[in-house]
Structure formats: structure tokens, C-alpha cells
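Below: one structure, written as C-alpha cells.
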Amino acid sequence: MRTETTRSPRLRLVSLTAVALAVVVVATGLWTRKSRAEQLREGITASAVPTVTLISPAALASTRLELPARIEAWARAPIYARVSGYLKNWQVDIGGPVKAGQLLAEIETPDLDQQLMQARAELAAARSNAALAASTAQRWQTLLATDSVSRQEADERAGDMAAKQSAANAMQANVDRVQALQRYTRLVAPFDGVVTARNTDIGALIGVGGAPGSELFVVSDVRKLRVYVSVPQRQIAALRPGTQAVLTVPERPGQRYVATVASLAQSINGSTGAMLVQLTVDNAKGELLPGGFASVSLDNAPGTGGIGVPPGALIIGKAGVQVATVGQDNRVKLKQVDVARDLGSVVELASVPAGGLAAADRVIASPPDGIQDGDTVRVLAEPKKGA
């Protein structure tokens, strides 16, 4: 009896201990599961908030506007043949300087020579006929005074004299025409300049030209040159006739030439969005070559001296070009911007609408895809200069 009574409390104690341990294990498991669930929920929530790096828009110093250009001669005259024949000789080769009226070449024109001989013979015959008709008409006028002939007959002789004289005048005009053509057998320079092309040689068959590529010589005035450059519409407002520019050419590195704006096309090319501008540059030393390419640098062009951001900060979509800024509450605000120029590592922004980007804004360096106004972000790094 005593032994069973003694064992009963022990069993009860063991049972209670086992139950307590089971409760502790279950409670611990439930608490661990809840903790992990909360951690998972916090992780999901945290992962939904993107982490971004911020930059400040860079203040850009005033820079030159560099644009490609082409150089043309101040005056360029292709010399074509006005008569057919064979080239007798040429006097000036390419690169040779010439004066106005200087002989370039001569053309032999045997056919034209024969035409002139024929025209002169026809003129001589017409003059003889006109002289005979004039004497006949004079005699008939004398006979008319004595009523030896009728007035009708005298008028016929006078009319024949006038017709023969007109024929002689026509023959004279034909002789003058052929003689005028003969003067074109001598090809001369129209102005002072340089022979920049010679496309013929002695003995070559010459035809009457006028089509591009059929010129025999090209004479260019290179003492002063024209420079043509297409200036984007955004930068055209500050250009005026007389504006100074700096011209450089690849074949003379380090050399700088002063060019002056002479005229503007006053029309924007619809396909390029730019206006053609003509500048002039002195070439007294002959260092600049017509037909070549150059680079024109314009000072104080509009759109320079603004602010810039890295290209990765731009968001390009249906709404246009935007940047994502972050307020003090770490919420995103999208702002509309206009790109003025791409400078490579930095994109220069043009004037922006009211409430647009400012130099003090905190800009996301690389906005995540799908970012929208009002989104919350986690800032990994505070703004640093973007350029």
C-alpha cells in the first residue's frame, strides 16, 4: 500500500513535467514560426521599396558650340566649250594662278572656219545683188519722171531693192554670229583666281558643253572663302551678321582662323531642324582649301552654361524625357526636361517648364523600371555632383 502511494505522486510529477515540456516546445515553435513570418513579411515589404543613389545636377560652364562646316570658294566658274572642235593647246595647269582675261586654252574649229568663209561669200553675193537692185531702182525712178515707165513698175524695182538690202543685212548678221562664235575658241579666265580643275588635253575632241562634269577648266577665287554651317534651331537666336567664330581644319591642327557670319538663310530645314548660315573667312595666305570640311566654334551660344545630368538619369517614354527626383520624404517626383546637347558623359538640359529641374534637386542616378510619381524609395547614397 505504501509503495503504490509513494509511486503515485512521482508519476504525477513526471506527467506534469512532460506536459510542461510539451507546452514549452509547442509555444517555442509557434513563436519561432510567427517571428519568421514577420521577418519574411518585413523582407518582402523592404524588397518592394527600391534602393536608389542620388546625384545633384551639375552646373555646366559656358562652352563653345562646335559644329561641322564645309568650305567653298568665294567664286567658282566652270569653263565650258561654246564651240566644237579639237583642243589646240592649254596654257595653265591645276593650281596655277590666273588673272582676269588670261588665256587658258585654244580650240581648233575647222568646221566653224568653213562656216565663216561661206557666210562671207553669201554676204558678198547679197551685197552685189543689193547694189544692182539699188541702181536699177534709181534708173526706173528717172524713167518714171519722163513717164517712160509706169509707177507700178518703178515701185516694184524699189521693193526689189529693199528686199535685196534686207537679205544683205541678214548675211551680215550671220557673218557677225559666226565671228562671235570664233571668239569662243579662246578660253579665258573670268576673274583673278586659281585653276582648280583641268579636264582636257591637247588633241581632245571638244563638244559644246553645259552639263555637270563636261567643264574643261574650273577657276576659283580663293582669296576669300565662304563657310557654310547648319546651326540647330535652338542655338540660332543669338546669331547675327557680324558674329565672330573660330574656324579650324583637320589638315592644319592648332591653326585657328577668324570667320564672320555674313548671312543667315532665315529658314529652318525641315529634315534637319537647322538653319544654313554663311560665314566668310580671309584666305590671303591660301592655307584654306575650297571644298574641304572644317569645324566652326561659336562663342556664347544660347543653351550653354546650363545644368547637366548623366545619360542614365533620363527616363524616355510616352511622356517625353523626364528625370526622377526625390523629396525629403523619400517620395519620387518626375520632372519634364528638354535635352539641349549630348556631351558624352553628361547630357546638357535646355530650359525646362515652370517647376522643372533645379540645380538643388536630388536626382536618381539610375531610375528603376516602372518608377512613378509618389513611389517611396530607400536612399543608399546622398547627392553627389553628376558631372
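The values are calculated or read from the model by the stated rules, or taken from the named source; none is laboratory data. This structure is a prediction, so every number in the text was calculated from the model and none was measured. Reconstructed Cβ throughout: ideal geometry from the backbone, glycine too, with neighbour counts over all protein chains shown.
Mind counting the residues in the range 139-161 that are acidic (Asp, Glu) and surrounded by fewer than 12 Cβ atoms within 10 Å (Cβ to Cβ)?
Count: 1.
Filter the range 166-195 down to the residues that are within 30 Å of PRO290 (Cα to Cα) and either β-branched (Val, Ile, Thr) or assigned to a helix (DSSP H, G or I) (or both) and list them by number.
THR185, VAL188, VAL194, VAL195 - these are the residues of the range 166-195 that are within 30 Å of PRO290 (Cα to Cα) and either β-branched (Val, Ile, Thr) or assigned to a helix (DSSP H, G or I) (or both).
Kindly evaluate SER135 against the criterion of being assigned by TED's automatic domain parsing to the domain that holds LEU116, among the polar types (S, T, N, Q) and more than 60 Å from the chain's Cα centre (by Cα).
Here the answer is yes, as SER135 does meet what is asked.
Examine the range 46-56 for a residue that is crowded, with 16+ Cβ neighbours inside 10 Å, outside any loop (DSSP other than H, G, I, E, B) and either of a type in the set (S, T, N, Q) or at pLDDT 85 or above (or both), and state whether such a residue exists.
Within the range 46-56, one or more residues are crowded, with 16+ Cβ neighbours inside 10 Å, outside any loop (DSSP other than H, G, I, E, B) and either of a type in the set (S, T, N, Q) or at pLDDT 85 or above (or both).
Filter the range 117-130 down to the residues that are within 59 Å of the chain's Cα centre (by Cα) and surrounded by 18 or more Cβ atoms within 10 Å (Cβ to Cβ), then identify the one that is nearest to GLN165 (Cα to Cα).
LEU123
Would you be able to tell me the number of residues in the range 200-239 that are under 29 Å from GLU287 (Cβ atoms), part of a loop (DSSP other than H, G, I, E, B) and in contact with a Ser or Thr (Cβ under 8 Å, 6 or more places away or on another chain)?
Going through the range 200-239 one residue at a time, the tally reaches 1.
I'd like to check something: does the range 219-227 contain any residue that is among the hydroxyl-bearing types (Ser, Thr, Tyr) and surrounded by fewer than 16 Cβ atoms within 10 Å (Cβ to Cβ)?
There is no residue in the range 219-227 that is among the hydroxyl-bearing types (Ser, Thr, Tyr) and surrounded by fewer than 16 Cβ atoms within 10 Å (Cβ to Cβ).
Checking the conditions here, which among ALA121, ALA126, ALA158, ALA163 is in the same structural domain as GLY85 (by TED's automatic domain parsing), under 30 Å from SER84 (Cβ atoms), in a helix (DSSP H, G or I) and in contact (Cβ under 8 Å) with a residue 12 or more places away in the chain?
Being in the same structural domain as GLY85 (by TED's automatic domain parsing), under 30 Å from SER84 (Cβ atoms), in a helix (DSSP H, G or I) and in contact (Cβ under 8 Å) with a residue 12 or more places away in the chain holds for just one of ALA121, ALA126, ALA158, ALA163, which is ALA126.
Evaluate the following for TRP31: is it modelled with pLDDT under 90, aromatic (Phe, Trp, Tyr) and outside any loop (DSSP other than H, G, I, E, B)?
It is true that TRP31 is modelled with pLDDT under 90, aromatic (Phe, Trp, Tyr) and outside any loop (DSSP other than H, G, I, E, B).
Quick one: would you say ASP147 is among the charged types (D, E, K, R), within 54 Å of the chain's Cα centre (by Cα) and not in a helix (DSSP H, G or I)?
no
Among the listed residues THR272, THR304, identify the single one that is modelled with pLDDT under 90, surrounded by 16 or more Cβ atoms within 10 Å (Cβ to Cβ) and either β-branched (Val, Ile, Thr) or assigned to a strand (DSSP E or B) (or both).
THR304
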